[in-house]
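Have a look at the structure below, then the notes.
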Amino acid sequence: MADVARLAGVSHQTVSRVLNGHPYVQKQTRSRVRAAIEELGYRPNRVARALVTGRSQLIGVVAQNTTLCGPVSLLAAFEQVAVTAGFVVTAHRVNALDRESITKALERHRDQRVAGIVVIAPTASAHDAVDTVPPDVPLVMVDGDVERSTPLVTVDQAAGALAATTHLLEAGHRTVWHVSGPSDWFDSLGRIKGWRSALAAAGAEEPPIVPADWSAASGYRAGQVLARMPEVTAIFAANDHLALGILRAMHERGRRVPHDVSVVGFDDVPEAAYFIPPLTTVKPDFGAVARDALDLLMAQIDGNPIGEVRRTSTPTLVSRDSVRLASDPAFRTGRARPRKRS
């Protein structure tokens, strides 16, 4: 840092202010310091900075070892906002969302003396594990139990499911069938809640839930059953991978989407716009969740009042071609029949 100061012709304190993003540095001076940093290839020593400031620059994340869009997107978004804020993110990925696995991951983060911990594990077992963490450790849950007192940032799953189901009902369908996610996930329970609320508000009959996991294979198996039921004309799938499996099952049984059956998913995976047909789905704002999680965590790290311990992001409906609207002359709700396979 002293070398940078000499080359830029400024004081050691000015270099420190530039590195820490202090607002009261003249633009010309800031540019000169940045040029000196670039020329010398200077990189701050995070260990030394932690010793001086008394605060670690490391944030720990506990997440599931999975390829599911939601958890992966949340982790990527959080890493981006944390790095931008000057932190390093270390993630411990667990193969199972059970209490023992999550507790061990939390203990490893505490052994590393991280500044704070973010837990992306939306199951009851995750909260049981978090209860073992001392209250003075800054910690935020993502998509957890809204009934707990732990600081929480979440997508409004119920609002997203309500929007999806309402969209199908407003398209002219008499009711909407739901292929759900795992019963121990808060995301899945929230989406069931929103689906039921939309049906109740419309006075529509509530069909039995078709249980599944989050995979396309599980959606395909559920779709094979639903494709044989002529009364099924609208399906809300708990995520886009389930919807993909349902689309294939409908195609194999001769049930055309959206002509005979309308389908809506959840998550808006990058491939959703390229399904056949392009999938109508619900899009969470993972960036907003990540920013709120870091904001809540930083308040705890800095010892500031965090105010509201709940931050909720409302997802949006993305309308594509997998829903046949009632205004379409070819719409035939309730009269579709599966065609025999040749």
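The residues neighbouring Gln157, those whose beta-carbon lies less than 15 Å from its own, together hold a net charge of -4 under the Lys/Arg +1, Asp/Glu -1 convention.
Remark: the chain carries 48 Å² of accessible area per residue (probe radius 1.4 Å; ligands, DNA and RNA excluded). With a ≥ b ≥ c taken as the square roots of the eigenvalues of the C-alpha gyration tensor of the chain, please select rounded if a/c is under 1.5 and otherwise prolate if a/b is larger than b/c or oblate if it is not? The shape class here is prolate.
In degrees, nearest 10, range 0 to 90: what is the angle between the Cα axis of helix 99-111 and the longest Cα principal axis of the chain? Approximately 20 degrees, to the nearest 10. Put Arg255, Arg113, Arg32 in order of accessible area, highest first, and with a 1.4 Å probe you get Arg113, Arg32, Arg255.
Remark: spin-label model distance Lys27-Asp285 equals 3.0 nm, labels positioned 7 Å along the Cα→Cβ axis. Taking the chain as the reference, fit the longest principal axis to its C-alpha atoms, fit the long axis of helix 27-40 to the helix C-alpha atoms, and give the angle between the two in degrees, 0 to 90, nearest 10. For helix 27-40, the angle is close to 90 degrees.
Between the Cα long axis of helix 157-170 and the first principal axis of the chain there is an angle of about 30°, rounded to the nearest 10. Most simply put, the chain has about 10% antiparallel DSSP beta bridges, counting only bridges with both residues inside it. Measuring nothing but protein heavy atoms, the accessible surface of the chain at 1.4 Å probe radius is 51 percent carbon and sulfur. Within the chain, which is the longest segment containing none of the GluC sites (Glu not before Pro) that sit in a DSSP loop and have at most 10 other Cβ atoms within 10 Å? So the longest stretch without any such site is 1-146. Residues whose amide H falls under 5 Å from that of Ile235, counting only those 5 or more places apart or on a different chain, are Trp177, Ser262, Val263, Val264, with hydrogens built in the peptide plane.
Only aspartates and glutamates eight or more places from Lys104 in sequence, or on another chain, were considered; those with a Cα closer than 18 Å are Asp128, Asp131.
The values are calculated or read from the model by the stated rules, or taken from the named source; none is laboratory data. Here the structure is a predicted model, which is why all the values come from computation and not from measurement. Neighbour counts are summed over all protein chains in view; Cβ atoms, including those assigned to glycine, are modelled from backbone coordinates with ideal geometry. Accessible surface areas use protein heavy atoms only, side chains included; no ligands, DNA or RNA. Shrake-Rupley method; radii C 1.70, N 1.55, O 1.52, S 1.80 Å.
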